[in-house]
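Contents: one structure, followed by commentary.
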Amino acid sequence: MIQFHLAISLMLIASILSVSLTVAVDISHAPLHLDHLELAVRDHSSTPTTATPTLPCGEANGTEFAGSNSRWTMLCDIDFFAQDIYPFLLAKSFESCLKYCEEYNDEHGEGKCAGFLFAPDRSNLDNDCYLKSSLNDAIYPSTLHLLGASLLPSTAASTVISPISPATESSAATTSITESIVTPPLLPTPSTEPTDSEKSPAQGGPVALGRVPTVTNSTYLGTSVDEVASQYVSHAPEKPQQLSGDMLEAGINLDLITDYPLASDTGTWTADDSPTHDLAEMTVTPRLSRDGGRGGNINGTNVFIFCDTSTYGEDKNPIFGYLNGFVSSSVAVDESMNALDGGSLSLINSLGQWQDDVGRMRGWVPMTTGEEAFNTAISGQGYRYAVWPNSSPISLNDTHAIIYAPLVYLEVDMQDQSSPRYTSLGNTLLLISIDPAYGPHADRLQNQFFTKDEVNWGSLGGIRGWSANGQESMDGDVYVFGQAETGILLGKVAASKFSDRDEYAYWNGESWSNEMPPATSTSNAFMIDQPADNTFYYRYLVGKDNSTLTINPPGQQGGDIEYVENLITNVWSEQHVLFTVPTPERGYAYAGGMHAGYFGTDDITNGGTKMLCTWTEHTEVDPEKPDSGYAHKSQIIELGWLDG
């Protein structure tokens, strides 16, 4: 069985619910919402006690040298496709790159870093060192000058590996270096090489037999278009909560999150609380600019959920508008389904989230009176609390979904607006439903669910494990992803007990445990022992019989076999490029995600082959013009099968 899911780097995972084959799509996110994941976590300014081999390239290949605590075989101008432990590291020298690899093995086990490549010509940039989990499918000559080494097995530490004679090489191998490129032995001898069944996902795993998924079509849809409701709920404004002076000081005060009730003038309206109010016409149609835009299908509605959202009103000057409102979350729905015909998404912003007739928003996720009062009172000074629902919703049953939304404290230097600082304060638990008249609604079930110093389980998204009773029942489990320092962790809870923290269990590498692993967990507990980089990637699961798993829609298989746990019991393929985002005109693309369920039975989450991927980028126009800000963009990907 194959199960598709989405694994996002740095801060989030957008879930793709439960289907058969599992494809992991690694997606980038700029450091906008949470602290940037620091890859170079130690000071590598010191040089290890080893000397860079100085032989000419052809002579150096295959020669042995000693590192700080292991022995290595030199590689020169040889590359290896993918198999990277990290997207890259900043090393500045061959010796520092070697030290990274040795320290990784010290922490994760001998041989987990099978080798490394250093690009000397990039030493003034930020992508010069690549640690490799395996060294398969050598490419030589490489397209750029590379110095590297492969780890010698400890059992062969006394053996000197001789270079292959230049006469055995391809006559087509030419580089800027006049020496012949020599390919050294890269793997143990057949008697010591692990079998396919013994290889771990971190080593690249076995090659799948039979058919494997591959991209067959990719369609760029462009920028999504916003449509604003023409009405709002007319009501008397609430009197804001007043805070004492010591509560308004800059700095983190968790009491503002945990000790205050939810503010009644935040969150969207529903039919249950609006009958006492009349609907009135909007006098201004605001323009929206917002971050993010991940989503999923909830009760038949395609929902897109955003983080920071600004609304701009009209001005007599036709070129400029004015900022009239700002909230940390908003929501929209797609009713036109233009993407089915290859058109840009048209997103409707329902009347339930509008606060007044000039286009100020209530904010989709309810804030506490403490959070709201602090943000209001200290507005403009560079400090605020935010709730950022930045992963796709996880289906709970056929009518509701859940989101574990990160809680964040932000600090910005208001003089130059540079170097914003983001501190994670844990997350909150949201129950999502669809009001027929007022649109998607989020109930904030607990002000704070996982805390500041814990792994924020679910903030990266998750997968629903269905039982044989299908999506109408509350049987089965909810699986949640957790971001550790260098990989993705997995937890689970019975769907009927999702709001009870004490009921969660966590995978420790060998079994499920009620003991929560720390954010510094070792690779034994990782579902994927690798963060992501700036490209959309996918992986698939390989079955225990060394073949690609087959696709089944949700509900057709489940129950006792715990099929979602293939994520940790089966072997991952190497990563493959899903697609590359078109280069933005300004800045960079970030906040990538996958919408779960957009194409119905044709959607990859329902056993089909199509997926809708979205991301955010800065618009290319002058920031003071009406169409400046952030653009929500999308692309359709279709997978097919390639005979292996």
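Since every read-out is calculated from the coordinates, none of them should be taken as a lab result. All of these numbers come straight from a predicted model, not from anything done at the bench. All Cβ positions, even for glycine, are placed from backbone atoms using ideal geometry, and neighbour counts span all protein chains on display.
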With the label point 7 Å along the Cα-to-beta-carbon line of residue 642 and a cut-off under 13 Å to each amide N, the hits in the range 569-606 are 574-579
Residue separation between residue 435 and residue 230 times 0.36 nm, minus their alpha-carbon distance, gives in nm 72.1 nm
Expressed in angstrom and rounded, the centroid-to-centroid distance over alpha carbons for the range 76-136 and the range 359-402 is 40 Å
The alpha-carbon center of the range 434-476 and that of the range 247-270 are separated, in whole Å, by 21 Å
Once both label points are put 7 Å beyond Cα along the C-beta direction, the residue 376-residue 513 separation in nm becomes 4.6 nm
With a 24 Å threshold on alpha-carbon distance, the violating pairs from 99/132; 112/452; 452/492; 452/633; 92/112; 132/633 are 112/452; 452/633; 132/633
Neighbours of residue 457 by Cβ distance under 11 Å: Lys/Arg at +1, Asp/Glu at -1, summed charge +1
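Can you tell me how much longer the chain between residue 588 and residue 338 gets when fully stretched, taken as 0.36 nm per residue apart minus their C-alpha distance, in nm with one decimal?
87.4 nm
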Of the convex hull drawn through the C-alpha atoms of the range 323-391, the volume per residue in Å³ is 134 Å³
Over all Cα pairs of the range 217-643, the Kirkwood radius sets Rh, and Rg/Rh then becomes 0.95
Between residue 415 and residue 520, the FRET efficiency computed from the C-beta separation at R0 = 41 Å comes out, to the nearest 0.05, as 0.70
FRET efficiency for residue 144 and residue 262 from the Cβ-Cβ distance with R0 = 51 Å, rounded to 0.05, comes out at 0.40
Simple spin-label estimate for residue 400/residue 569, 7 Å along Cα→Cβ, in nm, reads 2.9 nm
Taking a crude spin-label model, label points 7 Å out from Cα along the C-beta direction, the residue 496 to residue 277 distance in nm is 3.7 nm
